[in-house]
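The values are calculated or read from the model by the stated rules, or taken from the named source; none is laboratory data. Just so we're clear, the structure is a prediction, and the values are computed from it rather than from any experiment. For neighbour counting, all protein chains shown are included, and Cβ atoms are generated from backbone atoms with ideal geometry for every residue, glycine included. The accessibility values were calculated without ligands, DNA or RNA, using every heavy atom of the protein model including side chains. Shrake-Rupley method; radii C 1.70, N 1.55, O 1.52, S 1.80 Å.
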Amino acid sequence: MISVKKRTEIHPSERRIILKHADDPEYDVSLQCYLRHGGYEVMKQAYGRKPEELCQEVLDSEVRGRGGAGFPAGMKWKFLDRKSGKPIYLICNADESEPGTFKDRQIMHKDPHQLIEGMMISAYAIQAAQAFIYIREEMPLGAQILEEAIEEARARNLVGENILGSGYSCELVVHRGAAAYICGEETGLIESLEGKRAYPRIKPPYFPAALGLYMCPTIVNNVETLCNVKHIAEMGGKEYAKIGKPGNTGTRIWCLSGQVRNPGYYELENGMFTYGDLIYKIGGGLRDGRSLQAVIPGGSSAKVWRAGERFTGKLRSGEEFNWGIEDVPLDFDGPMAAGSMSGSGAVMVIDDSVDIVEVLANINAFYAHESCGQCTPCREGSLWMKKITTRMANGGARPEDAELLASIGDQIAGRTICAHGEACAWPTQSFIAKFRDKFVEKAKEDPERAQKRTVRLV
Amino acid sequence: MAFELSAETLSYIEKTIPRYPQKRSAIMMILHAIQKEKGLLSLEAQEWVAEKLDLAPIQVREVVTFYPFYREKPIGKRHIRVCRTLSCALNGGYKVCDAFKKEFHTELDEISPDGRVTVEFAECLASCGTAPVAMVDDQLYENLNEEQVAAICEQIKKETPAADTAGSKS
Ligand SMILES: Cc1cc2nc3c(=O)[nH]c(=O)nc-3n(C[C@H](O)[C@H](O)[C@H](O)COP(=O)(O)O)c2cc1C
Ligand code: SF4
Ligand code: FES
């Protein structure tokens, strides 16, 4: 049996539902252990209910997708084309590759049966003919843990033919990626699972719920989302919706990384904390002698915030707000109101020791590497933005670069097949908007100095 | 020379294909298995897969050449992947990479002169909370510093004999 290192210190602010057992040193990935902790009991009950009832619970829960877009899962399930008569497929998106994100890893490596139970309940609820877990290549142990766990579950008739005598059958297959970020985009993932290049499909018409895997109706949900389904089935959708805030229900596993004292994953009730709580109270704040320069609030594609900036406006409730970064509510709607997004829940902290131009150069290198190449604006634009920022970082900045970068960014977003276009443009657009002075000043930098940096980012 | 696979890989492939509603879907898992056994995906291997799945060879090659993990050229006996992405870079990822290169007197993406390793940069390995990180084959190493890199390299040298000719796979 494979076991990974546990993080035994759990912050008192955490409310662990999904990660309840994950870091318990006594808890392991075996079926035995899961059963000892009441595992698969929820599924047994769920299989005695009507699938539509379970779909209604998920709708009532208002649970939003944890993979990036934050779309309500119950609504997505409702869009399933059930009239076509074609088989329905369920896919768990375990590609976890948005920079800064490392929550699904914890679930899959430490509590695989929770994901399997969540998936088998979801599969039954949508009446899937077959289910898949698409896990990124860089988690070979995770794939092995999941395969072994599925074997154990199959031996107990929890996966496979006529599950628990219910008459419902569903196989669960682990499928491994091969180190391409674009396989996280759901239609790219589907192409990849069909055995092709992961070229995303254009929406409309290729919404997976209507035309997904093999052009059959398909639901793609993130690992954390599918685990939540287990808890929704257990407590009931309305009860679940009491956790967190309206429209921002449940807990979320936040991934804190970068230049902060206590990086890590923290499962927190939605809307009860702020970015300030996460970075300073829970994350221990910045390192000695350092001050905050920037925060990327939801994975590296999310628009950056500059230390000291203020966000003002009106919430949907009509309430006016005037926030600093530290006041932004830690949920789905907070960062959106502040002009960015919570994305995959990855919060990256950048202190004053690094050059902001280099930070963008590092991010641009990622998106240039990961463009699938189908659309000219994304393929060429991401590469140009990378080349320009890399040149700037290496001492070759020119006064006109800021304008040039902004104009490239502006010509990508909204002009591509998939949201990788936005993902690659938003960093450049927002870094230039927020740090224009630094990008302009960069041209005055002594090229010698550029070679002598202590922390290299490109 | 005819392309041959071990009995173990063959039986894995036979078991894997029927798991999918359409057999073309099995291509990635098959390529993983073959690359694991052979160290790379030769054109012969690709033709073999094409035949197995009733595909044109180009339909296999376009997959092999799209995904960064599949390779048509050999690498060192051990595969070192250092995360290059932001959270790791902010915490010294580039230094970690330099340390690996220095230990094996090699450059990025090359086979080290002793044939033991190939050092590559990887994009975010989904372990940013314990940055900087690197993978050696299937194993993840977290919170790395230069001393730890030295210890990992020592271990690799102990476990992996140097090759007579660089790059030859045993
Ligand atoms: C470029 C790109 C990369 C993505 N990567 C991931 C990923 O690694 N994991 C993930 O769950 N969703 C990812 N998504 C979002 C998926 O397309 C999809 O919205 C999500 O898996 C749906 O699940 P959810 O509704 O449960 O969040 C990505 C989207 C884009 C545009
Ligand atoms: S936007 Fe980029 S990643 Fe998405 S389909 Fe177009 S080229 Fe590919
Ligand atoms: S940035 Fe290195 S693991 Fe994510």
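Looking only at the stretch A:353-377, count every residue that is in contact (Cβ under 8 Å) with a residue 12 or more places away in the chain, more than 16 Å from ligand 1 (Cβ to nearest atom) and either closer than 16 Å to A:Q411 by Cβ or assigned to a helix (DSSP H, G or I) (or both) and tell me the total.
Number of matching residues: 7.
Out of A:E185, A:E234, which single residue is of a type in the set (D, E) and either within 13 Å of ligand 1 (Cβ to nearest atom) or touching a Cys at 6+ places or on another chain (Cβ under 7 Å) (or both)?
A:E185
Among the residues of the stretch A:81-116, which ones are hydrophobic (A, V, I, L, M, F, W, C) and open to solvent by less than 10 Å² (accessible area, probe 1.4 Å)?
A:L90, A:I91, A:C92, A:A94, A:F102, A:I107, A:M108, A:L115, A:I116
What is the number of the single condition among (1) under 22 Å from the mean Cα position of the chain (by Cα); (2) at the interface with chain B (Cβ under 9 Å from one of its Cβ atoms); (3) farther than 26 Å from B:C128 by Cα that A:G195 does not meet?
(1)
How about the stretch A:32-101: which helices (runs of 4 or more DSSP H) wholly inside it have at least 2 residues that are under 27 Å from the mean Cα position of the chain (by Cα) and modelled with pLDDT under 95?
Details: elements: A:41-46, A:51-61, A:73-78.
So the answer is none; nothing clears 2.
Would a scan of the stretch B:31-50 turn up a residue that is more than 20 Å from the chain's Cα centre (by Cα) and either modelled with pLDDT under 95 or open to solvent by 20 Å² or more (accessible area, probe 1.4 Å) (or both)?
yes
Name the pairs whose Cβ atoms lie under 7 Å apart, with the first residue in the stretch B:123-139 and of a type outside the set (D, E, K, R), the second within 16 Å of ligand 2 (Cβ to nearest atom) and open to solvent by 10 Å² or more (accessible area, probe 1.4 Å), and 6 or more positions between them or separate chains?
B:C124/A:S97; B:A126/A:S97
Here are B:A122, B:A126, B:A89: which of them is under 19 Å from A:V4 (Cα atoms) and not assigned by TED's automatic domain parsing to the domain that holds B:G39? If you could, list the steps in order and put the result at the bottom.
On the way: B:A122 fails: under 19 Å from A:V4 (Cα atoms); B:A89 fails: under 19 Å from A:V4 (Cα atoms).
Among B:A122, B:A126, B:A89, only B:A126 is under 19 Å from A:V4 (Cα atoms) and not assigned by TED's automatic domain parsing to the domain that holds B:G39.
Would you check which residues across the stretch B:103-155 are among the small types (G, A, S), within 16 Å of B:C88 (Cα to Cα) and more than 16 Å from ligand 1 (Cβ to nearest atom) and list them? Don't jump to the end; show me each part of the working.
Here is the first cut: in the stretch B:103-155, the ones among the small types (G, A, S) are B:112, B:115, B:122, B:126-127, B:129, B:131, B:134, B:150-151.
Pick out the ones that are also within 16 Å of B:C88 (Cα to Cα) and you get B:122, B:126-127, B:129, B:131, B:134.
Passing the criteria: B:G129, B:A131, B:A134.
Taking the residues in the stretch B:92-111 that are open to solvent by 40 Å² or more (accessible area, probe 1.4 Å) and touching a residue at least 24 places away in the same chain (Cβ under 8 Å) as candidates, determine which candidate is nearest to the other protein chains (Cβ to nearest Cβ).
Here the residue is B:K95.
With (1) of a type in the set (A, V, I, L, M, F, W, C); (2) away from ligand 2 (no atom under 16 Å from the Cβ); (3) touching a helix residue (DSSP H, G or I) at 6+ places or on another chain (Cβ under 7 Å) as the list, and A:A198 as the residue in question, which single condition is left unmet?
Every listed condition holds for A:A198 apart from (2).
Within the stretch B:66-83, work out how many residues are out of contact with any Cys (no Cβ under 7 Å at 6 or more places or on another chain) and more than 9 Å from chain A (Cβ to nearest Cβ). Explain how you work it out, then say what you get.
Our first condition is that a residue be out of contact with any Cys (no Cβ under 7 Å at 6 or more places or on another chain); within the stretch B:66-83, this holds for B:66-81.
After this cut, where a residue has to be more than 9 Å from chain A (Cβ to nearest Cβ) as well, the list is B:71-80.
Result for the stretch B:66-83: 10.
State yes or no: is B:L86 modelled with pLDDT of 95 or more, in contact with a helix residue (DSSP H, G or I) (Cβ under 9 Å, 6 or more places away or on another chain), within 14 Å of chain A (Cβ to nearest Cβ) and open to solvent by 10 Å² or more (accessible area, probe 1.4 Å)?
Answer is no for this residue.
Identify, please: which residue in the stretch A:392-437 is over 24 Å from A:Q451 (Cβ atoms) and among the basic types (K, R) and is, among those, farthest from ligand 3 (Cβ to nearest atom)?
The residue in question is A:R415.
When the stretch A:168-195 is examined, which residues are found to be of a type in the set (D, E, K, R) and more than 11 Å from ligand 2 (Cβ to nearest atom)?
A:E171, A:R176, A:E186, A:E194
Please tell me if B:E47 is farther than 30 Å from A:G264 by Cβ and away from every other protein chain (no Cβ under 13 Å).
yes
Would you call A:L59 more than 16 Å from ligand 3 (Cβ to nearest atom) and within 14 Å of chain B (Cβ to nearest Cβ)?
Answer is no for this residue.
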